[in-house]
1. Give me a count of the residues in the range 337-357 that are modelled with pLDDT under 95 and either more than 19 Å from residue 41 (Cα to Cα) or in a strand (DSSP E or B) (or both).
2. Inspect all residues belonging to the range 71-83 and state whether any of them is modelled with pLDDT of 95 or more, surrounded by 14 or more Cβ atoms within 10 Å (Cβ to Cβ), assigned by TED's automatic domain parsing to the domain that holds residue 343 and touching a helix residue (DSSP H, G or I) at 6+ places or on another chain (Cβ under 6 Å).
3. Name every residue in the range 121-143 that is within 16 Å of the ligand (Cβ to nearest atom), out of contact with any strand residue (DSSP E or B) (no Cβ under 6 Å at 6 or more places or on another chain) and either more than 25 Å from residue 186 (Cβ to Cβ) or without any contact (Cβ under 8 Å) to a residue 40 or more places away in the chain (or both), in order of residue number.
4. Considering only residues that are touching a residue at least 12 places away in the same chain (Cβ under 8 Å) and touching a strand residue (DSSP E or B) at 6+ places or on another chain (Cβ under 7 Å), look in the range 155-171 and name the one that is farthest from residue 361 (Cα to Cα).
5. Within the range 217-249, can you find the residues that are part of a loop (DSSP other than H, G, I, E, B), crowded, with 24+ Cβ neighbours inside 10 Å and within 16 Å of the ligand (Cβ to nearest atom)?
6. On the given criteria, is residue 259 modelled with pLDDT of 95 or more, in the same structural domain as residue 94 (by TED's automatic domain parsing) and away from the ligand (no atom under 14 Å from the Cβ)?
7. Would you be able to tell me the number of residues in the range 100-122 that are more than 20 Å from the chain's Cα centre (by Cα) and outside any helix (DSSP H, G or I)?
8. Within the range 6-38, can you find the residues that are part of a loop (DSSP other than H, G, I, E, B), more than 22 Å from the chain's Cα centre (by Cα) and either surrounded by 13 or more Cβ atoms within 10 Å (Cβ to Cβ) or free of Cβ contacts under 8 Å to residues at least 12 places away in the same chain (or both)?
Ligand SMILES: *Cc1c(COP(=O)(O)O)cnc(C)c1O
């Protein structure tokens, strides 16, 4: 037991101990501490509920309807008796949105990534992985047992050099990237990556967790926006972020989906998503297709927040997406700044090593449709003021 208490003590001393703070969601992007004696309330800049669909009346009603009609759970894995008509319908409509032959649901994005990668490649194969890829992608690579090379973030030259040097020594090769990166909110050079996939005979997998619903025609994502659907072998995305529900999908060829149904262990050996989640996801998917205003409203708010910061004298590039990283550098400084913001009722996440490279600690603001013009203006002003001190 000593090693566990030792670990916790060390973490605590380094100021890196992670703890859970239960919150009450008050709606409209406001949260309150659930069990403090004098509960503080915050504007939430840490949520991935980008389009505010978690509380959209149509999404909530569809979830409730499915719950009442089909019960609280699906009762079994998909290959047992858990595969419902709703799963199939959601897969069909997801494939239509993504422009692929087929799609397959997974219990979560984490489960999708740790299931798909080991199904596609193994010993004797090779993976080329962007340095800033999500932990679930790294865990998938580790489970696969394939040789994994990390290339510098968004650096096609480095990827090309690694491919030149190592691709030839292996059978199957897989390149894995995210289209919008979760930490920096920046965008993968997908066209360049797709060209390398073609030239070096690789499979290309693109994680669209933060792009689905937010970018592309009908919210289909960056793959569609960049016109590389035919060159992406596996698109992955989630229903738990902009779609306001839970679960994940992969979109691919009919053959690859058939293969994953037979080989992806996190698909085969896990209970199917419950009816209420499927109902909510389906309603959210239809909303992102039919209501482009959801996206244009969000993008206007993102632009507004960045403009307030630029006008206030922030000179660093705040990036192209709803994830706005404010680079601070020093971890202690980033922590102190986040604490000061919290005192001012602003909930934004400090991101520190080892999640990001040394000396690149940052505060990450997620902009959502919940945020009103006043929220964005006041937050930018408070931030600028707190940074000056
Ligand atoms: C959130 C996220 C995941 C995991 O998805 P969950 O549905 O939350 O498990 C995977 N990849 C990326 C890039 C993510 O941001």
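1. Number satisfying all stated conditions: 9.
2. Scanning the range 71-83 turns up no residue that is modelled with pLDDT of 95 or more, surrounded by 14 or more Cβ atoms within 10 Å (Cβ to Cβ), assigned by TED's automatic domain parsing to the domain that holds residue 343 and touching a helix residue (DSSP H, G or I) at 6+ places or on another chain (Cβ under 6 Å).
3. 135, 136, 138, 139, 140, 142, 143
4. The residue in question is 170.
5. 221, 232, 239, 241, 242, 243, 244, 245, 247
6. Taking the combined requirement at face value, the residue satisfies it.
7. Count: 5.
8. Residues satisfying the conditions are 14, 16, 17, 36, 37, 38.
The values are calculated or read from the model by the stated rules, or taken from the named source; none is laboratory data. As the structure is a computational prediction, the values presented were derived from the model and not from experiment. Positions of Cβ are generated from backbone atoms using ideal geometry, with glycine treated the same way; all protein chains shown enter the neighbour counts.
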